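Below: the structure, in structure tokens.
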Amino acid sequence: MERPAWAPRSIDISVPSVSRIYDFYLGGSHNFEVDREAARRAMTHLPGLPKIMQANRAVMRRAVRYAVGTGIDQFLDIGSGIPTFGNVHEVAQEAHPGARVVYVDHDPVAVAHSNAVLEGNEDADVVAADLRKPQEILSSPQVERLIDLNRPVALLLVAILHFVEDADDPYGAVAQLRDALAPGSLLVLTHASYEGIPLPAERAEGAVDVYKDIRNPLIMRSRDEIARFFEGYDMVEPGLVPMPHWRPESAPEDEDPYAFSGFAGVGIAA
């Protein structure tokens, strides 16, 4: 397999990556055949995966605009993936010029492309780090430069927590981040779930198995399990709901049925 010029030398291009598979679902070009093959295998079981990812991106953009509307002008996006059109810094800085954004991802391709996209943007940066190590994120030079933890921050955990197994204590990681943020901060979260998928769970499990095969297990949590991530937060209306129902800009009934395959919510730190 020939290595594209944009691919960092440090990555193994024969191993699929969740970030690059996500990029493929969104119609991006920064993915390899091994990523596309894994995505196509998952789609044989769950053909609506691209619609699910698009719903995630759409709710993220709505939540960023909501955050700006509440006066928040700094954003910490963990598990940000490969930059695509309509990313957090574009939405936030269009709504509030000067808004500050720090992206966090552990995929070298996502980090490399974020650096390229953000070149010349003094109000946005990227950290190579892992959600499972919150202190490394919070103490990074990029966060220290751009994010004032004494003022409210919008923490975005969009389509990331379902890749963190219970053994890695995702609830503890989210709690550490919450405790580091000022009162009035927001948690923006989306998470996959079998609830709402317009297929029998047994069939959807085939897609979950594909992620297990590439050593990135996809953890499908229930609504109640997802709600636990909001401990210490007051939920913003309409609460934890299927993604198209979170402050929609068009009629949810017009959405593709697969867009309802997961939950979205925003909480405000007390």
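Convert each backbone phi in segment 201-209 into a coupling constant with the Karplus relation 6.51 cos²θ - 1.76 cosθ + 1.60 (shift: θ = phi - 60°), then list the ³J(HN,Hα) values in order as whole Hz, x for Gly and Pro.
After applying 6.51 cos²θ - 1.76 cosθ + 1.60, I find 4, 4, 6, 4, 4, x, 5, 4, 5 Hz.
Return the percentage of antiparallel bridges among DSSP beta bridges fully within the chain, rounded to the nearest 5 %.
Working: 11 of 29 bridges.
The answer is about 40 percent antiparallel.
Counting only DSSP beta bridges with both residues in segment 168-268, tell me the antiparallel percent, nearest 5. Working shown, then result.
Working: 10 of 10 bridges.
Of those bridges, close to 100 percent are antiparallel.
Report in % the part of the accessible area of the chain that belongs to carbon and sulfur, leaving out ligands and nucleic acids; probe 1.4 Å.
Details: 5830 of 11800 Å².
That share works out to 49 percent.
Mean residue ellipticity at 222 nm from the helices of the chain, using -39,500 (n - 2.57) per DSSP H segment of n ≥ 4 over the full residue count, to the nearest 500 deg cm²/dmol?
-11000 deg cm²/dmol
Starting from the Cα-Cα distance between ASN150 and ALA270, subtract it from 0.36 nm times their residue separation and give me the gain in nm to one decimal. Can you show the working numbers first?
Working: separation 120, 0.36 × 120 = 43.20 nm, distance 1.38 nm.
Working it through step by step, the gained length comes to 41.8 nm.
Ordered by residue, what ³J(HN,Hα) values in Hz, to whole numbers, does segment 41-56 give under the Karplus form 6.51 cos²θ - 1.76 cosθ + 1.60, where θ = phi - 60° and Gly and Pro are x?
These are the phi-based 3J(HN,Hα) values: 5, 4, 6, 5, 9, 9, x, x, 3, x, 5, 5, 5, 5, 5, 4 Hz.
Got a sec to turn the phi values of segment 263-270 into Karplus ³J(HN,Hα) couplings, 6.51 cos²θ - 1.76 cosθ + 1.60 with θ = phi - 60°, whole Hz, x for Gly and Pro?
With the stated coefficients, segment 263-270 comes to 10, 9, x, 10, x, 10, 5, 6 Hz.
Spin-label point model (7 Å from Cα, Cβ direction): what's the ALA167 to ARG203 distance in nm?
The modelled label-to-label distance comes out at 3.2 nm.
What do you get when you divide the Cα radius of gyration of the chain by 2.2 N^0.38 Å, with N the number of residues?
Details: Rg = 17.5 Å, N = 270, 2.2 N^0.38 = 18.5 Å.
Against the compact-globule rule of thumb, the ratio is 0.95.
Under 5 Å between amide H atoms, partner at least 5 residues away or on a different chain: which partners does LEU156 have, H built in plane at 1.01 Å?
Correct list: LEU76, ASP77, ILE78, VAL188.
Give me the 1.4 Å probe accessible area per residue for segment 1-131, excluding ligands and nucleic acids, in Å².
Working: 5410 Å² over 131 residues.
Counting only protein heavy atoms, the per-residue value for segment 1-131 is 41 Å².
Using amide H atoms built 1.01 Å from N in the peptide plane, name the residues 5+ places from ASP169, or on other chains, whose amide H lies under 5 Å from its own.
none
With point charges of +1 on the Cβ of Lys and Arg and -1 on the Cβ of Asp and Glu, referenced to the Cα centre of segment 40-119, which listed residue (VAL104, ASN56, GLY79) lies farthest in the positive direction of the dipole?
Among VAL104, ASN56, GLY79, the one farthest towards the positive end of the dipole of segment 40-119 is ASN56.
The values are calculated or read from the model by the stated rules, or taken from the named source; none is laboratory data. Since this is a predicted model, take the numbers as computed values, not measurements. Note that each Cβ is placed from the backbone with ideal geometry, even for glycine, and that neighbours are counted across all protein chains shown. The area values use the complete protein model at the heavy-atom level, side chains included, leaving out ligands, DNA and RNA. Shrake-Rupley method; radii C 1.70, N 1.55, O 1.52, S 1.80 Å.
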